[in-house]
Amino acid sequence: MCDTCGCNITHGNAHLVTNDGKLAQTEDGKSAVTVLKNLLSENDHQAAHNREHFDRRNILAINLMSSPGAGKTALLEATIDALGDQIGIAVIEGDLETENDAERIRGKGVSAIQISTGSACHLDAHMVHDALHHMDLDGIDVVFIENVGNLVCPASFDLGQHRNITLLSVTEGDDKPAKYPVMFRAADLVLLTKCDLLDVLDDFEPARAEHYLRHLASEAPLFNIAARRSIDIDEWTDWLINEINAQRDRAERHETLRPNIQPEGAALHTASAHEHEHGQHHHDHGHDHKHS
């Protein structure tokens, strides 16, 4: 999986494994598994630092995850319209290329930092840390981190956030929670988006989507929303205000909240690296044998 999509090493953590980086050399000089496990460990260390940064400022950090086109940016635009005069909002945008989404957010008068990940299919804690250096967080109550559109890898990496929100568009399939369990198990809230289209879609059953979600033993709330038309957003905005207040209370008690990162997803990354290393060793051995 990740040896082909490029998310083992990103521009956020590449300094750790190149030149004189602390992970440039492994014990045997070639172990991809060791490198990857160390990268995940370094990511978690950086994520804890990011979360401490948010906690010191009483800021709630939310990781938005979904497949491409599910409506993450539209949700942010509707949220800004509904709550922009009540709370301070800042956004970190993650995409492979372009600043299109960040420009949409800035058009609403909200600060947005764009992270272009190149080939990486998810954000990591180092990328978020770099973005924070360019953000003025004075007066900010919530930082939304809009992750790369992908229903697998973003659930596996701690960015320093407090909550995960997974969006499922009704233009997808209502069996997505069953097909992508790692992503939906990570969710603290699931939003069914584009629900204004349900009248013309006869193959998406919200009740069936919730059935698959509950089959994962998830207790995450599930709300219907049509962000582009600002329909049914009250449940969402009420949830958000409650979470902001809860974060302030935690910060006053010097407590923090770690998101529901999925070890299964991290294991997939590790397994992928191991398979790649084993396959390369087998290929090299066969190549040598052929020419011996």
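The values are calculated or read from the model by the stated rules, or taken from the named source; none is laboratory data. A quick note: this is a predicted structure, and the numbers were derived from the prediction, not measured. Cβ placement follows ideal geometry from the backbone for every residue including glycine, while neighbour counts extend to all protein chains displayed. Please note that ligands, DNA and RNA were not included when accessible areas were found on the heavy atoms of the full protein model with its side chains. Shrake-Rupley method; radii C 1.70, N 1.55, O 1.52, S 1.80 Å.
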Query raised in the report: Given Ile92, Ile105, which one is assigned to a helix (DSSP H, G or I) and more than 21 Å from Ala251 (Cα to Cα)?
Result: Ile105
**Report entry** Of residues in the stretch 2-33 being open to solvent by 40 Å² or more (accessible area, probe 1.4 Å) and of a type in the set (Ser, Thr, Tyr), the one modelled with the lowest pLDDT
**Finding:** Thr4
Query raised in the report: Conditions: (1) more than 19 Å from the chain's Cα centre (by Cα); (2) in a loop (DSSP other than H, G, I, E, B); (3) in contact (Cβ under 8 Å) with a residue 40 or more places away in the chain. Gln161 meets all but one. Number of the miss?
Result: (1)
Requested in this report: Scan Ala220, Ala207, Ala271 and give me the residue that is modelled with pLDDT under 95 and not aromatic (Phe, Trp, Tyr).
Outcome: Ala271
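I'd like to know if the stretch 253-267 contains one or more residues that are modelled with pLDDT under 90 and among the β-branched types (Val, Ile, Thr). Full working, then the answer.
Just the residues of the stretch 253-267 that are modelled with pLDDT under 90, to begin with: 259-267.
Now narrow it down to the ones that are among the β-branched types (Val, Ile, Thr): 261.
Within the stretch 253-267, one or more residues are modelled with pLDDT under 90 and among the β-branched types (Val, Ile, Thr).
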Report summary line: Flagged in the stretch 60-108 as open to solvent by less than 40 Å² (accessible area, probe 1.4 Å) and free of Cβ contacts under 8 Å to residues at least 24 places away in the same chain, in numbering order, are Ala102
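Go through the stretch 201-252 and give me each residue that's assigned to a loop (DSSP other than H, G, I, E, B), open to solvent by less than 40 Å² (accessible area, probe 1.4 Å) and in contact (Cβ under 8 Å) with a residue 60 or more places away in the chain.
Across the stretch 201-252, the qualifying residues are Ile225, Ile233.
Would you call Leu167 within 13 Å of the chain's Cα centre (by Cα), buried (at least 23 other Cβ atoms within 10 Å of the Cβ) and in a loop (DSSP other than H, G, I, E, B)?
Values: within 13 Å of the chain's Cα centre (by Cα): yes; buried (at least 23 other Cβ atoms within 10 Å of the Cβ): yes; in a loop (DSSP other than H, G, I, E, B): no.
Answer is no for this residue.
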Report summary line: Within the stretch 109-141, of all residues that are part of a loop (DSSP other than H, G, I, E, B) and at pLDDT below 85, the one surrounded by the fewest Cβ atoms within 10 Å (Cβ to Cβ) is Gly118
